[in-house]
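Enquirer: Quick one: the structure is below, questions incoming.
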Amino acid sequence: MASNCIICNNSENNKEYTIKELQLGLDETFLYQLCGNCGSMQIVNIPENLGKYYPNENYYSFNLGLNVRKKADLLRKIKASYLLFGKNPLVGSLLSIGYKMPDYYEWMKNTNTQYDDAILDIGTGNGSLLTKLFQVGYTNLTGIDPFINDSKDYGAIKVLKKDIYEIDQKFDTIMMHHSLEHMTEPIKVLKRIYELLNIDGKLLIRIPIMGNYGWKRFGEFWCGIDAPRHIFIPSEKGMRLLVEKSGFVVEKFIYDSGDYVIWSSEQYTKGMYLHHPNSHMINQEKSNYSKEDIKRMRKEIAKENKNNNGDTAAIYLRKA
């Protein structure tokens, strides 16, 4: 018997798919369901021990580069203050010549996050994004993740082994970079975030989107499913419905897929899991993809993003 959709509660005309765990190479399969109404995907039976699928020694967000400094980098801050806020135009413009802005500059600009604003990163991993924000001048940074081994306090940066129900502080900007899809009750989660957000605060959700380029091309091997870690993968219709039910309003919905979508999914179709020694993520020299291949993939997925057919999106929200 079909389960009700986690987003729209539909139980009719749903389809089931058997999806293999392909990130860690565990050789396990899981049953997923595609909603016949909103087009979102969800796991049918959630594993009892989800922590097993987030090993701190292997899971990517726990192993990103971490460089914690006592002070912000002065030159980076001058450059960032110009690019983010238009300050220090003379020196900032000179420092920015030929500089390609990292993605997190766009996130901060689109949320209008100021240097002293309280920022919460949900599903922060080891806190690597927060350290980058600190280096360019942000001073009030908190990250939470229930799957890390223990909490760390770096002063301006706090990385806590907690979930959102263990936090009672108010924030100006809350970010969820590919973390919402890992949660079992997304509507409840977003309503809790609504409570944690200041009146004029902004919420940024980055999340895979079901039913677009990757699913159409790779099917069950599409990396966006990421069984069993992704509890659900919303379609754009499903995501907008989820936002509405939670009391938020969409300000921007920007597709932001990268080349990872293509090469990782291609590897999966060939039986190579993400953490395989010859995977492009682990060893680019031994992978099957040249620099020219990656450039081609970036160009291809950029076109899909432009056509609103990407596999991941950055969604900027405010309170209704």
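The values are calculated or read from the model by the stated rules, or taken from the named source; none is laboratory data. The structure displayed is predicted, hence computed values, not measured ones. A quick note on method: Cβ atoms are made from the backbone with ideal geometry, for glycine too, and the neighbour counts reach across all protein chains shown.
Enquirer: Within the stretch 47-89, track down each residue that is in a loop (DSSP other than H, G, I, E, B), farther than 30 Å from residue 32 by Cβ and at pLDDT 80 or above.
Expert: Scanning the stretch 47-89 gives 86, 87, 88.
Enquirer: Could you tell me which residue of the stretch 290-320 is nearest to the chain's Cα centre (by Cα), considering only residues that are surrounded by 13 or more Cβ atoms within 10 Å (Cβ to Cβ) and in a loop (DSSP other than H, G, I, E, B)?
Expert: Here the residue is 311.
Enquirer: What about residue 251, is it of a type in the set (Asp, Glu), under 30 Å from residue 319 (Cα atoms) and touching a strand residue (DSSP E or B) at 6+ places or on another chain (Cβ under 6 Å)?
Expert: yes
Enquirer: Checking residue 127 against (1) farther than 18 Å from residue 314 by Cβ; (2) without any contact (Cβ under 8 Å) to a residue 12 or more places away in the chain; (3) not hydroxyl-bearing (Ser, Thr, Tyr), which single condition isn't satisfied?
Expert: (2)
Enquirer: Out of everything in the stretch 253-289 that is in a loop (DSSP other than H, G, I, E, B) and charged (D, E, K, R), what residue ends up being nearest to residue 110 (Cα to Cα)?
Expert: 256
Enquirer: Inside the stretch 247-272, can you point out the residues that are free of Cβ contacts under 8 Å to residues at least 60 places away in the same chain and either farther than 28 Å from residue 297 by Cβ or among the hydroxyl-bearing types (Ser, Thr, Tyr) (or both)?
Expert: Passing the criteria: 255, 257, 260, 264, 265, 269.
Enquirer: From the residues in the stretch 90-124 that are of a type in the set (S, T, N, Q) and outside any helix (DSSP H, G or I), which one is farthest from residue 316 (Cα to Cα)?
Expert: So, considering only residues that are of a type in the set (S, T, N, Q) and outside any helix (DSSP H, G or I), the one farthest from residue 316 (Cα to Cα) is 96.
Enquirer: Can residue 103 be described as among the acidic types (Asp, Glu) and touching a residue at least 60 places away in the same chain (Cβ under 8 Å)?
Expert: yes
Enquirer: Next question, about the same structure. Could you tell me whether residue 259 is over 24 Å from residue 26 (Cβ atoms) and either among the basic types (Lys, Arg) or surrounded by fewer than 17 Cβ atoms within 10 Å (Cβ to Cβ) (or both)?
Expert: Here the answer is no, as residue 259 does not meet what is asked.
Enquirer: When the stretch 1-45 is examined, which residues are found to be part of a loop (DSSP other than H, G, I, E, B), touching a helix residue (DSSP H, G or I) at 6+ places or on another chain (Cβ under 9 Å) and closer than 22 Å to residue 191 by Cα?
Expert: Matches in the stretch 1-45: 5, 6, 7, 8, 38, 40.
Enquirer: Continuing with the same structure: Scan the stretch 138-167 for residues that are among the charged types (D, E, K, R) and in contact with an Asp or Glu (Cβ under 9 Å, 6 or more places away or on another chain) and jot them down.
Expert: Hits for the stretch 138-167 are 145, 161, 162, 163.
Enquirer: Of everything in the stretch 157-206, what is in a loop (DSSP other than H, G, I, E, B) and either polar (S, T, N, Q) or in contact with a helix residue (DSSP H, G or I) (Cβ under 6 Å, 6 or more places away or on another chain) (or both)? Give them in sequence order.
Expert: 169, 179, 183, 184
Enquirer: If you don't mind, another one. In the stretch 140-188, which residue that is without any contact (Cβ under 8 Å) to a residue 40 or more places away in the chain and among the β-branched types (Val, Ile, Thr) is surrounded by the most Cβ atoms within 10 Å (Cβ to Cβ)?
Expert: Per the stated criteria, the residue is 159.
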